Amino acid sequence: MKKVVLFILMYCSSIGMIAANTSLILGNQNQNGSFSSKSQTQAVANDVISPNSSESEQIENLALLCKVWGFVKYHHPKISLNKTDMDKELCDLIPQIKAVTNKEERNTILSNWVNNFGEITEFMPDSNFPDAEEIKLMPDYSWIDKNELGDALVAQLENIKKAVRSENNPYISFFPGVQNPDFSGEKTYSLIQYPTEQYRLVALFRYWNIIQYYFPNRHLIDDNWHDVLREFIPQFLSAKDKYEYKYSVLALWAKIKDSHAFIAKWDKVLYEISGYRNNSVPVGIKFVENKAVITEYFNQDLGKKTGLLPGDIIETIDGVSVEDIVKERLPITPGSNYTTQLRNIASYLLMSNNNEIQVKYKRNDLVETKTITCYSDYSVDLPYIDAIQTIDSDITYIYPGTIEESDYTPDKMKKILESKGMIIDMRCYPNIFMVFSFGKYLIPEPTQFAKFTNTNYSYPGLFTYRDGDILGETNPDYFKGKIVIIVNEETQSQAEYTTMAFQTAPNVCVIGSTTAGADGNVSTIILPGNLQTYISGIGVYYPDGTETQRVGIVPDIEVKPTIEGIRNGIDEPLQKAIEIINSESGIKNHSADNAILLYPNPVTEGFYIKGANVASRVSVSDMQGRTVFVGNVSDSDGYVNIGSLSKGTYIVRVEIDNRIIQKKIIKM
């Protein structure tokens with residue numbers, strides 16, 4: 001079978017970004033680098049006045065214009081023939097729609113505009129439409145309503161929907177092989193820092209329709225996508241300068257909850273609004289036990305001069321609590337889940353345009369305030385991690401972050417295959433694409449480990465399944481020892497895909513914590529002002545259709561670092577991996593697959609937990625990390641009622657036998 005190789009990007013690591021002094025921080029610092037209690041950019045969103053009835057009607061009219069314009073842009077066959085400038089068409093329509101006094105007038109304007117593209121003469125036969133079992137996500141045409149649009153306009157749109165479409169649409173194509181969408185035909189307007197009202201709406205409407213028709217994870221967005229459009233129209237209309245415009249853009253990108261949706265091209269204003277500053281404190285900081293904790297020194301000498309120690313808890317920065325900083329940064333911070341948003345926020349906390357910042361920190365029971373020097377440039381001297389090491393006498397430790405194919409040649413693999421166990425530390429981004437070249441040593445026979453969804457020219461917004469890659473070959477000499485894969489929030493994109501592949505090994509267990517939940521090749525989106533971001537361009541699923549976007553790779557056993565462990569230089573997930581390999585029990589005894597059973601799954605009202613004892617503690621969390629249920633198995637004979645929860649994917653955590661086991665469950 002032909003292999004479709006996924007080339008996948010991840011959010012730049014905090015270490016590399018700080019070292020290069022091009023870090024992106026998402027925050028509310030003033031131009032002088034200090035934090036304020038309420039950021040200027042946050043105030044932008046708060047200053048949008050709730051629309052009165054006439055303004056509300058105008059928002060609805062503009063929202064409908066967005067939908068009709070985007071529908072025609074991606075569906076009408078004449079767009080390919082005429083090479084129509086759809087941005088100009090939109091700009092011409094906006095003042096007309098803003099001026100209407102009733103929906104009949106609005107619908108007539110839109111109908112006449114659609115009519116200008118010409119008559120549809122060739123239609124697709126119904127037999128072309130995929131079978132139900134092939135479909136993951138249907139197009140959303142719920143807004144095409146005769147009561148709202150009138151008979152004439154609806155008839156036109158229905159005809160366009162059925163039309164035969166060319167593959168020469170200037171606004172959309174697909175990359176060969178993987179088939180993620182390519183939007184490179186869009187105009188950048190790179191010289192415009194603050195677009196006019198019409199072109200601000202071009203930005204909003206362009207992005208909204210790309211997500212509507214080409215984002216494979218549209219169904220996983222928290223908010224109704226139509227409501228998001230109504231929410232952002234007044235923000236884009238009222239943006240008084242480039243800062244307000246670009247703040248709204250960042251907030252819009254964050255709405256889709258995709259860890260790939262970060263700033264993809266340098267823009268000074270975007271970075272300023274996000275919190276970029278020239279100087280930083282040369283220490284690492286992460287959220288551990290829901291607190292901002294110093295984890296390491298990026299530069300040993302300068303780090304020690306700060307007086308901070310690993311395990312110190314940062315409580316305030318320049319007088320503003322970390323809790324308030326997080327609250328203000330979240331609306332413009334990309335992330336498929338809350339854990340990943342915190343990862344991104346943590347990376348940029350200790351940056352400033354000043355030469356010093358003041359931090360209040362807690363060490364054990366002692367709370368102190370300290371003024372710390374910031375640096376514009378410094379060398380990073382973190383210890384280099386060898387790609388392949390022997391630890392604990394007979395365990396092979398693999399670190400993909402520095403690996404090269406020369407590290408696992410057939411001769412070198414002979415020794416690796418003889419070891420008692422293997423630890424693959426996927427808390428990094430793989431240095432090379434190692435899925436097939438290394439993975440073939442882990443399994444005895446060809447195995448499918450993923451499948452994909454994508455859309456196409458003929459049916460924008462319709463996402464259908466296609467088979468994914470096959471790992472391995474018939475190999476009686478595969479690695480027969482225990483394999484433990486460690487994951488956390490740094491495990492993103494290609495790292496998640498690699499983990500999915502290696503999970504097919506017979507003797508594997510995944511431990512750690514929530515991953516970034518963003519897989520699949522990225523597609524670039526360009527908005528006026530040459531503002532660039534990414535989206536996950538194809539859907540990536542396990543062979544049974546289980547989601548990976550937002551959910552990430554769910555560990556068999558949850559093992560998180562602790563503040564105490566960081567203080568003492570202990571890597572608890574690594575210790576647990578060694579313990580599992582050295583234990584007498586088989587690897588599957590450590591796996592969630594055998595430890596507990598959740599049924600039914602998917603679920604409509606509630607589910608039972610089988611295999612947990614009466615003292616077991618159970619909690620259910622949504623994709624934002626919010627706990628929505630907590631209880632004991634004995635409370636209801638193992639039954640957990642989630643009938644009141646919204647449809648979606650949830651994480652069930654069961655504390656059993658001194659470990660935390662996680663499983664995904666789908667609420668229908």
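If the reach is capped at under 17 angstrom between alpha carbons, list the lysines near LYS412, excluding any in the same chain fewer than eight residues apart.
Reachable lysines: LYS420, LYS440, LYS480.
Taking segment 184-277, which trypsin sites (Lys or Arg not before Pro) meet the DSSP loop condition and have no more than 14 other C-beta atoms within 10 Å? Don't skip to the end; give the middle numbers.
Numbers: sites: LYS187, ARG200, ARG206, ARG218, ARG230, LYS240, LYS242, LYS246, LYS255, LYS257, LYS265, LYS268, ARG277; in loops: LYS187, LYS240, LYS257, LYS265, ARG277.
For trypsin sites (Lys or Arg not before Pro) across segment 184-277 that sit outside H, G, I, E and B with at most 14 neighbouring Cβ atoms in 10 Å, the list reads LYS240, LYS265.
Tell me which lysines have Cα within less than 24 Å of LYS73's Cα, excluding those fewer than 8 residues away on the same chain?
The reachable lysines, counting only those whose Cα sits under 24 Å from LYS73, are LYS83, LYS88, LYS98, LYS103, LYS136, LYS146, LYS161, LYS162, LYS187, LYS255.
Quick check for me: using +1 on Lys/Arg Cβ and -1 on Asp/Glu Cβ, what's the dipole size of the chain about its Cα centre, in debye to the nearest 20? Can you show the working numbers first?
Working: 64 positive and 82 negative charges, 95 e Å.
That gives a dipole near 460 debye.
What is the helix-to-structure angle for 103-115, meaning the angle in degrees between its Cα long axis and the longest Cα principal axis of the chain, kept from 0 to 90 and rounded to the nearest 10?
Taking Cα atoms only, the helix is inclined about 90 degrees.
Say the dipole of the chain comes from +1 at the beta carbon of Lys and Arg and -1 at that of Asp and Glu; which of THR316, ILE285, HIS219 then lies farthest toward its positive end?
Highest projection toward the positive end goes to THR316.
Given +1 on the Cβ of Lys and Arg, -1 on the Cβ of Asp and Glu, and no further charges, what dipole in debye does segment 299-405 carry about its Cα centre, rounded to the nearest 20?
Magnitude of the dipole: close to 480 debye.
So what does the Cα-only Debye profile of segment 388-590 read at q = 0.07, 0.15, 0.19 Å⁻¹, as log10 I(q)/I(0), no solvent term?
-0.23, -0.96, -1.42
Helix-only estimate, please: 222 nm mean residue ellipticity of the chain, summing -39500 (n - 2.57) across DSSP H runs of length 4 or more and dividing by its residues, to the nearest 500.
Details: 21 runs with 201 residues, N = 668.
The helix-only estimate for the chain comes to -8500 deg cm²/dmol at 222 nm.
Using Cα pairs closer than 8 Å and at least 6 residues apart in sequence, work out the relative contact order for the chain, in percent.
After rounding, I find 16 percent.
Are there any GluC sites (Glu not before Pro) in segment 489-587 that are in a DSSP loop and have at most 10 other Cβ atoms within 10 Å? List them by number.
GLU584
Placing +1 on the Cβ of each Lys and Arg and -1 on the Cβ of each Asp and Glu in the chain, which of ILE570, TYR459, TYR199 has its Cα farthest towards the positive end of the resulting dipole?
TYR199
Where a Cα-Cα gap under 12 Å defines reach, which aspartates and glutamates qualify for LYS451, not counting those fewer than 8 residues away within the same chain?
List returned: GLU134, ASP467, ASP469, ASP519, ASP544, GLU547.
By how many degrees, 0 to 90 and rounded to 10, does the Cα axis of helix 225-238 deviate from the longest principal axis of the chain?
Between helix and principal axis, roughly 70 degrees.
Taking chymotrypsin sites (Phe, Trp or Tyr not before Pro) that fall in a DSSP loop and have at most 14 other Cβ atoms within 10 Å as cut points, what is the longest piece of the chain between them?
385-668
Please determine, in degrees from 0 to 90 and to the nearest 10, the orientation of helix 86-99 with respect to the longest principal axis defined by the Cα atoms of the chain, where the helix direction is its Cα long axis.
On a 0 to 90 degree scale, this one is about 70.
Using unit Cβ charges (K, R positive; D, E negative) and no other charged atoms, how large, in debye to the nearest 20, is the dipole of segment 461-606 about its Cα centre? Spell out each step's value before the answer.
Details: 8 positive and 19 negative charges, 25 e Å.
Around 120 debye, computed over segment 461-606.
Kindly provide the trypsin sites (Lys or Arg not before Pro) of segment 396-461 that DSSP labels as loop, not H, G, I, E or B, and whose Cβ sees at most 16 other Cβ atoms within 10 Å. Mind dumping the intermediate values first?
Details: sites: LYS412, LYS414, LYS415, LYS420, ARG427, LYS440, LYS451; in loops: LYS420, ARG427, LYS440.
Of the trypsin sites (Lys or Arg not before Pro), the ones in loops of segment 396-461 whose Cβ has at most 16 other Cβ atoms within 10 Å are LYS420, LYS440.
Answer rounded, prolate or oblate for segment 243-283, using the Cα gyration tensor with square roots of eigenvalues a ≥ b ≥ c: rounded when a/c is under 1.5, else prolate when a/b is larger than b/c, else oblate. Write out the running numbers ahead of the final one.
Values: a/c = 2.32, a/b = 1.44, b/c = 1.62.
Here segment 243-283 falls in the oblate category.
Say the dipole of the chain comes from +1 at the beta carbon of Lys and Arg and -1 at that of Asp and Glu; which of PRO334, ILE398, ILE483 then lies farthest toward its positive end?
The residue sitting most towards the positive pole is PRO334.
Give me the net charge for the shell around TYR338: Cβ to Cβ below 13 angstrom, other residues only, Lys and Arg +1, Asp and Glu -1. If you can, show how the numbers build up before the last one.
Working: positive: LYS257, LYS327, ARG329, ARG343, ARG550, ARG626; negative: ASP222, GLU489, ASP622.
Computed value for this residue: +3.
No value in this document is a laboratory result; all are computed from the given coordinates. These numbers come from a predicted model, not from an experiment. When we count neighbours, we look across all protein chains shown, and the Cβ atoms used for this are built from the backbone with ideal geometry, even at glycine.
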